[in-house]
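Notes for the one structure printed next.
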Amino acid sequence: MPLSEPVRGRSVLDRMDDAVCRLNRWLVAAMLAATFIIVLANVVLRYIFGWSLTWGEEVARYLMVAGAFLGAGLALREGRLVAIEFLQDMLPLQGRRAIRLCIAIATLLFMAALVWFGTEFVIFGWRRSTVATDIPRGIPYLAIPVGAGLFVIHLLFFLRRYVDGAFVHDDEPGEAQGI
């Protein structure tokens with residue numbers, strides 16, 4: 001089916017949400033695969049040939065950090081972020097929803113602040129260079145505002161399901177949990 005044809009029964013926001021998730025998963029997977037390849041190549045080169053990539057450790061570190069920041073929104077959707085639910089589980093349905101709404105609002109405010117201050121950090125770091133690759137430090141620092149911005153986008157798409165408690169938990173992969 002061509003991309004221009006609308007999918008029956010799915011809103012534009014649902015399709016945008018799916019596109020953001022697919023792109024985000026692809027970016028995280030690409031970063032982690034690149035990290036794996038760089039680290040493996042560096043180990044092989046060092047222990048077999050006695051030579052290593054001077055930039056390998058630095059780039060692998062930046063890629064791992066970026067993968068963590070960019071993957072946080074996906075982890076939220078799957079219920080894989082650390083949460084203490086003891087108090088909210090003791091409350092009635094409306095109380096649980098109210099607590100999760102407060103948590104979501106606080107999280108949105110924190111992530112918005114992280115986008116703001118992360119952007120300031122990128123601007124500050126742009127005038128300095130990294131040690132091994134000699135690129136502006138602002139480039140790897142972009143992981144902070146971009147990751148926090150993606151987290152905000154994920155949370156906004158996912159907000160209703162989060163507040164209603166309809167998200168996937170670690171102990172039951174693939175099954176939506178509801179209240």
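The values are calculated or read from the model by the stated rules, or taken from the named source; none is laboratory data. Predicted model, so just to flag it, every value in this text is computed and none were measured. So basically every Cβ, Gly included, is an ideal-geometry build from the backbone, and we count neighbours across all protein chains shown.
Assorted remarks:
- Against the conditions (1) without any contact (Cβ under 8 Å) to a residue 40 or more places away in the chain; (2) surrounded by fewer than 17 Cβ atoms within 10 Å (Cβ to Cβ), LEU93 satisfies every one except (1).
- Scanning the stretch 54-90 for residues that are β-branched (Val, Ile, Thr) and touching a His at 6+ places or on another chain (Cβ under 9 Å) yields nothing.
- Only listed residue being among the β-branched types (Val, Ile, Thr), modelled with pLDDT of 95 or more, in contact with a Phe, Trp or Tyr (Cβ under 7 Å, 6 or more places away or on another chain) and under 30 Å from TYR62 (Cβ atoms), chosen from VAL152, VAL122: VAL122
- Look at (1) part of a helix (DSSP H, G or I); (2) small (Gly, Ala, Ser); (3) at pLDDT below 90 and you find that ALA33 fails only one, number (3).
- Answer from VAL131, VAL146, VAL163 - the residue that is in contact (Cβ under 8 Å) with a residue 60 or more places away in the chain, among the β-branched types (Val, Ile, Thr) and surrounded by fewer than 17 Cβ atoms within 10 Å (Cβ to Cβ): VAL131
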